[in-house]
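Everything below concerns the one structure shown next.
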Amino acid sequence: NAGMKEKNSATTASTLGRILATCSKQAKDYGSCVASKVHEIEKDLCLKQFLALKSCMQHTVKIMSSRPSSSQTSVGSGALSHAYIQHPSLRCNFPESRGLFYDDANRLLICVTSSQVFSWETASFNPDVSPSVDSIPEGPILSVRFSLDKKVIAVQRSDCEIQFFHRETKQTLTHKCRAGSESLLGFFWSDSPLCDLAVVKTSGMDLFACDSAMNLRLVETKKVNVNWYIYTHESRLVLLASGLQCKTITGFQLSTAGVVRLPKFEMTLASTESNSKPIISAGDVHLVTVYGRIYCVQVDMEAMLLQTYRFYRDAVVQQGSLPIYSSKLSVSVVDNLLLVHQIDAKVVIIYDLFVDSRAPVSAPLPLLWRGYQGSDTSPQAASKENESPESSTSSENIVMYEDAWTFLVPDLILDQTNKVLWRVHLDLEASWLVLISDRTSLLEFLQRRKLEANKAKQLCLGIARALILERRPATQVTQAIDVLVTAYSYSVKAGIYKELKNGKTTATIPTNDGASPDNERGRASGSSIDEEEEEVEMNLPSGSADEQQESQLSSPAISPDELYKFVFASVEETMVDESDYLVAIITEFLRSISAEKLKVDLNIYVMTIRLLARSKRFAELSLFTTNKIIEPSKEVALQLLESGGQDPRVRKLGLDMLRQLSLHHEYISSLVQDGYYLEALRYAQKRKVTSVRSSLFLEAAFASNDMQHLAAILRVLSELIPGFKETSEYYTFHGLLNETSSSVAV
């Protein structure tokens, strides 16, 4: 018990320390305010400073409470991190398993025995789905890939032989290269119109067409001395390495536009006295696709740098370098972010290649393993989970960054020891605490996120609210709002946001780029090799169009309506004594909306009028209206009438707006309400308005006790409305008129 108390005390102290560290500015502001006003504390409770501190602490506690306890469900040094792997994983531990492979073209996890091939779809990452099973002849298996239509299984048997098996007809075909003169390095399937299969050998690359009967026809041979190669179906790009140090690279992109040959280039490689001619291995080079752009990242271990290159059609341009802190590392790409796994240090560093800066967007933090976080958290459910050895991987068996881990493009980790596949996830909520400290940059970062768009949107709304509640300088709040408005404007123009209105995706698949305007971003179909001003389009991966559309069903972009509802309207009550501050922010918001030519929610105009009237800034309110900063509308006019109870000039602005908008009924009703019923009646008579009840004028005239006015109104209505003298209203008020003054003739 004493030990548990000490542990709980330590946990509480750690939690409190984190909260105080995060909210130190707000706590200092509140404490300074209280100290300065200790003699008048009963008059001023430092409310605004207290609310800012309270908001920050509540948000911090919410984030920390939503994250699993490190002692129970997380593996890693500490439970706070921006990247994690999570139960359930895909388990593929079959008896007599002879190896695990990953087919990136079809997104299949493959487990092979001596005579069977088991395959799982990884796109849905559903551990409850049974694998597909295919039988093949016994023999050695160096690699396995399914054709893009999944009708053929290709198995590399040796360094000179590939066998093909038709899944339906059971037909078998063997392809061999020239033994002794060349070695087979590997192969991959292509959706290029030129070829269906590419076979990479030490002497170059052969491109084959393959018909439905599995007959291979050599289409073209690319003669290159090859030491090793890398290929990703996501980029359709193959890099062939040659030379003594393997740093001379020849590239080809096998896209739907054909086969594009890239300029040959040399990778940067430092040398030292102890290693004057270091050699680059295939494991040192990674092809990644972020924001629709294709990059190559290369490990330069002698210089302890990660070199980055971007591919254009006419050039391969080195983009700079990133520092590395480990003798072993690998990379993943999650939601267009580059995750560099420093394996020896067991930490992840995140980079956003969209921004010009090569500084990381986060501090180095461990990769965490998180347990099951489903809705059923009952002891029975937990017991059931623990009893099933096939259902999960015990946290006790997980060794983070063990040697048997293989990192797969773009965001998978194959654990050869436990025979499971993990997917790497980002924790966007942790970005509030451990990512970018500058709020404007943080908003830009969140607006570029797609995988958890709704969570990114909620975080952006929370940040915008917090900036206002914390009374940050108006310029800082304006910069933040500009980011959100610009991101929304771009999303609308790019056709990304409109599916939120009708629940359906657009006809064209949006790009995977960030939600900010940029001249060089990737275009409408996946990765591309770029030209200097125009990027070359390429097709999406086979079978992935539906998935990519599904991922775009939501957008982190925030509309002006949502900014009003979830930011301005939600803070208005709290900012009762800060109307001037809030008006300044809303004014800049309107400027930003106008600059992007977006439609403004009328409620924001109504709120502006209300705030200006509350602070008795009637002269400014008149200027806002006459200069069309506040656009005319029925709602605006009615709010001007309401606020005009304190200033006749403002009420007149409302009346004038109703008349300009030809809102006859509302204009006449307002005139009658102000006692100008004769003027209202003349207006109705002049414009032949018949929608207003005649009793409205009669009741107003009778209430004024001016029988002459009542008689005049009865006379005008009799002329204006045919048959009016036969109505009950005429008899009623005519009788009242006679009773009150028999001397007045009608």
Notebook entry, point to check: Based on the Cβ-Cβ distance from ASN275 to ASN93, what FRET efficiency comes out when R0 is 41 Å, to the nearest 0.05?
Noted result: 0.55
Notebook entry, point to check: For segment 272-331, which semi-axes, largest first and in whole Å, follow from the square roots of 5 times the eigenvalues of its Cα gyration tensor?
Noted result: 23, 13, 10
Notebook entry, point to check: Arranged from highest to lowest average of other beta-carbon atoms within 10 Å per residue, in what order do the peptides 335-343, 183-191 appear?
Noted result: 335-343, 183-191
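How much length would be gained if the chain were fully extended between THR221 and THR406, taking 0.36 nm per residue of separation minus their Cα-Cα distance, in nm to one decimal?
Contour length minus the Cα-Cα distance gives 63.5 nm.
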Next item on the list: Provide the net charge surrounding VAL331, with neighbours chosen by a C-beta distance below 13 Å and charges set as Lys +1, Arg +1, Asp -1, Glu -1.
Entry: -1
Checklist line | Sparse-neighbourhood loop sites, GluC sites (Glu not before Pro) in segment 205-314 - DSSP loop, at most 10 other Cβ within 10 angstrom | finding: GLU273
Margin query: Using the basic label-point model (7 angstrom from Cα toward the beta carbon), what is the GLN245 to THR174 distance in nanometres?
Written below: 4.3
Check: What is the calculated FRET efficiency for ALA123 to ILE629, with r their C-beta to C-beta distance and R₀ = 45 Å, to the nearest 0.05?
Finding: 0.35
Check: Taking the Cβ of VAL219 as the center, what net charge do the other residues with Cβ under 12 Å away carry, scoring Lys and Arg +1 and Asp and Glu -1?
Finding: -1
Check: Which whole-angstrom value gives the distance between the alpha carbon centres of segment 291-342 and segment 641-686?
Finding: 68
Margin query: Could you work out the pair-distance distribution P(r) of segment 607-723 from its alpha-carbon pairs, with 5 angstrom bin width and percents rounded to whole numbers?
Written below: 2, 12, 22, 18, 15, 12, 10, 6, 3, 1, 0
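Under the rule a/c < 1.5 gives rounded, and otherwise a/b versus b/c splits prolate from oblate, where does segment 154-194 land using the Cα gyration tensor?
Here segment 154-194 falls in the oblate category.
I'm checking a number: the convex hull volume of the Cα atoms of segment 321-376, normalised per residue, in Å³. What is it?
Taking only Cα atoms, segment 321-376 has a hull volume of 105 Å³ per residue.
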Notebook entry, point to check: Between LYS150 and SER183, what is the FRET efficiency for a Förster distance of 35 Å, r being their Cβ-Cβ separation, to the nearest 0.05?
Noted result: 0.80
Next item on the list: Work out Dmax and Rg for segment 95-165 from the C-alpha atoms and quote the Rg first, both in angstrom.
Entry: 11.7, 38
Notebook entry, point to check: Once the other residues with Cβ under 10 Å from the Cβ of VAL200 are scored (Lys, Arg +1; Asp, Glu -1), what is the net sum?
Noted result: +1
Item checked: Distance in nm between pseudo-label sites at ASP344 and GLU729 (7 Å out along the Cβ direction from Cα) -> 9.2
Checklist line | Column: log10 I(q)/I(0), Debye, Cα scatterers of segment 213-279, q = 0.14 Å⁻¹ | finding: -0.54
Notebook entry, point to check: Highest mean first, what order results for 221-231, 82-92 on Cβ atoms within 10 Å?
Noted result: 82-92, 221-231
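Please report, in cubic angstrom per residue, the volume enclosed by the convex hull of the alpha-carbon atoms of segment 213-338.
Values: hull volume 17.7 nm³, N = 126.
Convex hull of Cα atoms, per residue: 140 Å³.
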Item checked: VAL576-ASP438 pseudo-label distance in nm [points 7 Å out on the Cα-to-Cβ vector] -> 3.8
Item checked: Between segment 601-621 and segment 110-166, the alpha-carbon center distance in angstrom -> 68
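Read-outs throughout are calculated quantities, based only on the coordinates presented, and are distinct from any laboratory measurement. Please read these numbers as outputs of a predicted model, since none were measured by experiment. All Cβ positions, glycine included, derive from the backbone under ideal geometry; neighbour counts span all protein chains shown.
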